[in-house]
Amino acid sequence: MADEQEPTVGLPKRFLGVFQYSRRALALVWTTSRGLTVALALLTLVAGVLPAVIAYIGQLIVDGVVAAMTSTEHDPRRVLWLIVLEAFVVILVAASQRGLSVSQSLLRALLGQRVNVMILEKALTLQLANFEDSEFYDKLTQARREASSRPLSLVNRTFGLVQNAISLTSYAVLLFAFSPWAVVILIGAGLPSFFAEAKFSGDAFRLFRWRSPETRMQMYLETVIAREDGVKEVKLFQLGPRLLQRYRDIFEKLFVEDRRLTLRRDTWGFVLGLLSTAAFYGAYAWIVITTINGGITLGAMTMYLVLFRQGQAAVAASLSAISGMYEDNLYLSNLYDYLGQAVTPHHGEAKHGPHPEQGLEFRHVSFYYPGASGNALTDVSFQISPGESLALVGENGSGKTTLIKLLTKLYNPTDGKILLDGLDLKQWDVEALRQRIGVIFQDFGRYQFSVGENIGAGDVRHIDDAERWAKAAKTGMAAPFIEDMPEGYETQLGRWFKGGRELSGGQWQKIALSRAFMRTDADILVLDEPTAAMDAASEAAIFDHFQSESHNKMTILISHRFSTVRAADRIIVIHDGEITEQGNHESLLAENGQYAHLFRLQAKGYQ
Ligand code: ADP
């Protein structure tokens, strides 16, 4: 948003400054395919020089005709040969233009892929916090929407500019013989429309930037209205017309701005274009009068007129290439902004801690989300030893999931520290740390892949290992229904792809649990309410299994079912981000606090 507040006097400077991305775009294209870049450059050169050659042959032809008409000595076959030559050169032009368009198409595909991969690779290095930040999301969306086509466009325009500059130079050399002023008029007449173009490119870009939130809202509405997971509610709550109206309103608003800009751009384009027309006809009259006065031959007149007309087109094309390059640069600044997004480095390198027997410890941990007004966790301290199980109890929004996010280093504590094996998480190598943890969140992934991959995703090293899938599925209690499906582990899940099969909420949860059990090496298992959609019997059976499988493991589970919670070695009650009670089931009941209250409430429900 800073751009639009900059004073317009800085325009030329800003205009030049913005071309800094040209070099990077060229380098990008060059490293994407050297062969194609060289082809593009050579063909540009050829296509740039040939038009002047054609104009020159044209002059020779007309003069040849005039000479043949006025003198009997002149051989008319010479003129015919010149025509053949011109036809040949025209074919060369056509061939080089075709070659240009082939190289451009191929480069476009390669570059589009390359830039998209760059965008996605960057996404992999970013933090969860980045994705939860709407400004960052705008950057990502802008980068994805435009950036993949812009580098090539920039390079095409650069080459186009070179091509036109070559043509223009060759025209200027020929025109110079007529009068240097003709060259000045030729170039001068194009400048006003150029400055107008540049200004409007900048305006269009700023419009594009401001609008990113609205455009995203539109994309979001499309998703809600037209994607399988939104459809149910949209239909049953009859949200359709209202959402569609919102979609239309956004368009109307954007369209008004677009129309204003387009009209202004084109009106100015037309008015300033008149200047070029006037210049052309002025020059036309001048050349004709010079010819009538016998200053030049008829052939020269024809050539100069062609030169002037084509020269004007080349000036216009060059100038619009420059303003287009300016525009591409603006859009590329988005891409590079996004790619340059600072990544908080993980400093830690430790793969082991000094005291494995100490297990996991939270020491006076406090945390608030970036931009949030209050703490999500305040002064949380507890410790679990290897082999122990911990249950977290608390109402929605009390901070249970946040605690897990800190433990898994998706976020870092604002205060206090978390130790694993006696070593601060900050010092742990994040990969080594994550290998030790198997976690299933409430909103676990429902991948539109096969059943096997959905389970295998729990341990990428063994993502294709069918034997492990089956074992994990057995522990996660997913095996029975998977084996009932005709294609078993090969069954495609979800509805997005052909033959996909949708599962019930509870079945998805069993898949997710099995995914956690793929991580046989992990010694910290975390289940954040992944069993809420299961029947109580399945949940109890799973946790039983979970405990018996995890002798030396630490388990943390979040559940609202006390039948499950009570079995944990240690229970922590969290309220508003603070630990209010801590103990085992019996001691907490004896304490007769919140836990006892909630437990009795639920127990009553079952009586
Ligand atoms: P629980 O898992 O106990 O239901 P959470 O840990 O998800 O609760 O949330 C704790 C508090 O943090 C809530 O007040 C919630 O609004 C807030 N919160 C959760 N996620 C975010 C986030 N990404 N950004 C900002 N605030 C968040």
Next item on the list: Could you check the stretch 385-466 for strands (runs of 3 or more DSSP E) lying wholly inside it with 3 or more residues that are open to solvent by less than 10 Å² (accessible area, probe 1.4 Å), modelled with pLDDT of 90 or more and within 16 Å of the ligand (Cβ to nearest atom)?
Entry: 389-393
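Quick grid of which residues meet (1) under 30 Å from Pro180 (Cβ atoms); (2) open to solvent by 90 Å² or more (accessible area, probe 1.4 Å); (3) among the β-branched types (Val, Ile, Thr):
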residue	(1), (2), (3)
Val231	no, no, yes
Arg246	no, yes, no
Glu252	no, yes, no
Glu257	no, no, no
Asp266	no, yes, no
Gly269	yes, no, no
Next item on the list: Identify all residues within the stretch 516-533 that are part of a loop (DSSP other than H, G, I, E, B) and open to solvent by less than 10 Å² (accessible area, probe 1.4 Å); write none if there are none.
Entry: Ala522, Pro530, Thr531
Note to self: Condition first: in a helix (DSSP H, G or I), closer than 30 Å to Ser170 by Cβ and among the aromatic types (Phe, Trp, Tyr). Can you find one or more residues in the stretch 337-349 that meet it?
What the structure shows: no
Note to self: I'd like the full set of residues that are assigned to a helix (DSSP H, G or I) and at pLDDT below 90, limited to the stretch 283-296.
What the structure shows: Ala283, Tyr284
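Report, by residue number, each residue of the stretch 572-607 that is among the hydrophobic types (A, V, I, L, M, F, W, C) and within 43 Å of the chain's Cα centre (by Cα).
Ile572, Val573, Ile574, Ile579
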Check: Can you find even one residue in the stretch 369-376 that is crowded, with 20+ Cβ neighbours inside 10 Å, within 16 Å of the ligand (Cβ to nearest atom) and in contact (Cβ under 8 Å) with a residue 12 or more places away in the chain?
Finding: yes
Note to self: So the check is Cβ under 7 Å with 6+ separation or different chains; which pairs have a first residue in the stretch 491-507 that's closer than 22 Å to Ala532 by Cα and part of a helix (DSSP H, G or I) and a second one that's modelled with pLDDT of 85 or more and not polar (S, T, N, Q)?
What the structure shows: Gln507/Phe481
Margin query: If I go through the stretch 390-411 residue by residue, how many of them are on the phi < 0 side of the Ramachandran plot and without any contact (Cβ under 8 Å) to a residue 40 or more places away in the chain?
Written below: 1
Check: Is it the case that the stretch 513-535 has a residue that's more than 24 Å from Gly458 (Cα to Cα), within 16 Å of the ligand (Cβ to nearest atom) and acidic (Asp, Glu)?
Finding: no
Next item on the list: Select from the stretch 348-368 the residues that are among the charged types (D, E, K, R) and open to solvent by 80 Å² or more (accessible area, probe 1.4 Å) and write down the one among them that is nearest to the ligand (Cβ to nearest atom).
Entry: Arg363
Item checked: Residue among Glu591, Glu578 that is open to solvent by 50 Å² or more (accessible area, probe 1.4 Å) and either within 16 Å of the ligand (Cβ to nearest atom) or hydrophobic (A, V, I, L, M, F, W, C) (or both) -> Glu578
Checklist line | Residue within the stretch 490-503 that is within 30 Å of Ala432 (Cβ to Cβ) and open to solvent by less than 10 Å² (accessible area, probe 1.4 Å) present | finding: no
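The values are calculated or read from the model by the stated rules, or taken from the named source; none is laboratory data. This one's a predicted model, so the numbers in the text were calculated from it and none came from an experiment. Cβ sites come from the backbone with ideal geometry, for glycine too, and all protein chains shown count toward neighbours. Note: areas computed on protein heavy atoms with side chains; ligands, DNA, RNA excluded. Shrake-Rupley method; radii C 1.70, N 1.55, O 1.52, S 1.80 Å.
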